[in-house]
Amino acid sequence: MVINMKLKQLLSELDYQFIQGSIDQKISQIDYDSRTVKEGSLFVCIVGAQVDGHCFIDDVIQKGAKVIVVEKEVEYKEGITYIQVTDSRYALALLSCAFFNHPSRQMTVIGLTGTKGKTTTSYMVQSILEKAHKKVGIIGTIGSIINGEFRETKNTTPESFELQKLMSEMVECGCEYCVMEVSSQGLMLNRVAGIDFDYGVFTNLSPDHIGPNEHTSFEHYMACKKKLFHMCKVGIFNRDDRHYMNMVDGVTCQIQTYSICNKSDLQASQIELSQGQGTLGVTFQTQGLLNGTFETDIPGQFSVYNSLVAMMICKLLNIQTTYIQTALKQVRVKGRVEIVPYSDDFTVLIDYAHNAFSFESILETISQYHPQRIICVYGAGGKRAKSRRYEVGQVVAKMKAMSILTADNPRGESVLDICQDIVEGIKKYNGEYVIIEDRKEAIQYALDLAKKNDVILCLGKGHEDYMIYNDNQVVHFSEREVIEEYKNK
């Protein structure tokens, strides 16, 4: 994709101060990383947590950058165009939108935000739309998919330039819809600024991503999530979430609601858990915007919430009910309460749960199926808050599940030390545990241990197919492969 666009066009929707130079020159590339700058680049000076782009201005000028966008006072050099903005991240987003000809205006864009459910719900929406023969692009935690082709991405919501590039490729491939997970970080750092969201979705809210390099408080976390509903035309809200009233207060979008417990635009009732040989699922009735019986082979009540979102979006998009019913029954989401076939006697699931809240949620869900035992294979990430380790151990022990403690991206920390931290939480409720540092051996141990009507939960890795032992040592590791290989041994 070769693009040459006049700077004047790129700046058309951006508030800025023109310092010096010419805005009639052509721009062939936008960069915010000094290492990628080429002749004719426009360089945006981003102030990051570790690095300040303003420190690299001399370097990028030597590489051929002719336009510099700054948010600080700098030394101005002749022959270079300088554009001053209030927020360079916001500027990068709007410049990127213009550079790729505003792809969000050429598709129906659906953005999902919340602590849990974004990934599963986005894949449910994709599954239904594709069942109805629509072309769909998806961007999220697992990566991005454009017309069935998978692309790896660094963040749930990529940096604005990469995000606009992906959306532009979707338009080129004929995608009619873009389904996007919108993270709190993506909203806080203006990665999605300038995007025309047709629909915004609020799934739920609980404390997460709060820390020195993330959100300063839960209130800040919630405020960032809420920004989406000042950017979309229609907001779809979980009426049952305890933060619902705070989330809808003062929003500028049209409000639609879904619920299990409260009167809403789309409401589920008569929820029944279903079990097969090695499988778990749920069936339910709906009233309101859509009336009918629906079923999904993703277990638990939270699957009903996720289904309601997907159903509501697709109904508002005039998708036929039969497509919705068929797709919900068939959908599988990699690493999200994903059942891996192993035995007709017991069930094996992989899930991305990686904090106390998500551990408690999945354990409560599985407990509703009354298994003989729940066996949890999990660890905790290295170089992360130790409190999370105690908390997950407490939750598993409190729920009377067995813990098989093992590695989960130790990042240079001792796996044994991390497991011992988890044990402190387990001991509070006298939980049963064993430590097996090698995750492959830990999973195999669980598979050998399981008996009829047990459920094995492999928690924390989810869709990931790697293990991070330190910052420079990333090793391929797939729980799915481990399970399948052991089955065929």
Subject >> Near pairs, Cβ below 9 angstrom, 6+ apart or cross-chain, from segment 411-423 (in contact (Cβ under 8 Å) with a residue 24 or more places away in the chain and open to solvent by less than 60 Å² (accessible area, probe 1.4 Å)) to any residue that is assigned to a helix (DSSP H, G or I) and of a type in the set (A, V, I, L, M, F, W, C) >> reply: Ile422/Val392; Ile422/Val396
**OP:** Could you identify the single residue in Val234, Val251, Val304, Val282 that is open to solvent by less than 60 Å² (accessible area, probe 1.4 Å), assigned to a helix (DSSP H, G or I) and among the aliphatic types (A, V, I, L, M)?
**Re:** Val304
Original post:
Which residue pairs have Cβ atoms under 8 Å apart, sit 6 or more places apart or on different chains, and have a first residue in segment 363-378 that is within 21 Å of Asp448 (Cα to Cα) and among the β-branched types (Val, Ile, Thr) and a second that is assigned to a loop (DSSP other than H, G, I, E, B) and at pLDDT below 95?
Top reply: Ile366/Pro299; Ile366/Gly300
Original post:
Would you pick out the residues in segment 285-301 that are open to solvent by less than 30 Å² (accessible area, probe 1.4 Å), part of a strand (DSSP E or B) and under 25 Å from Ser343 (Cβ atoms)?
Top reply: Thr296
Original post:
So, of the residues in segment 471-485 that are in a helix (DSSP H, G or I), in contact (Cβ under 8 Å) with a residue 60 or more places away in the chain and of a type outside the set (Val, Ile, Thr), which turns out to be most open to solvent (accessible area, probe 1.4 Å)?
Top reply: Glu484
Subject >> Selection count, segment 144-166, where residues are in contact (Cβ under 8 Å) with a residue 60 or more places away in the chain, surrounded by fewer than 23 Cβ atoms within 10 Å (Cβ to Cβ) and under 24 Å from Phe202 (Cβ atoms) >> reply: 1
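Can you spot a residue in segment 43-56 that is buried (at least 17 other Cβ atoms within 10 Å of the Cβ), in a strand (DSSP E or B) and in contact (Cβ under 8 Å) with a residue 24 or more places away in the chain?
Yes: one or more hits.
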**OP:** Can you tell me which residue within segment 366-396, out of those that are among the small types (Gly, Ala, Ser) and assigned to a helix (DSSP H, G or I), is least open to solvent (accessible area, probe 1.4 Å)?
**Re:** Gly393
**OP:** Collect the residues in segment 61-87 that are β-branched (Val, Ile, Thr) and part of a loop (DSSP other than H, G, I, E, B), keeping them in residue-number order.
**Re:** Val74, Ile80, Val85, Thr86
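The values are calculated or read from the model by the stated rules, or taken from the named source; none is laboratory data. Here the structure is a predicted model, which means the values were calculated and not measured. Backbone-built Cβ (ideal geometry, glycine too); neighbour counts: all protein chains shown. For accessibility, only protein heavy atoms count, side chains too; no ligands or nucleic acids. Shrake-Rupley method; radii C 1.70, N 1.55, O 1.52, S 1.80 Å.
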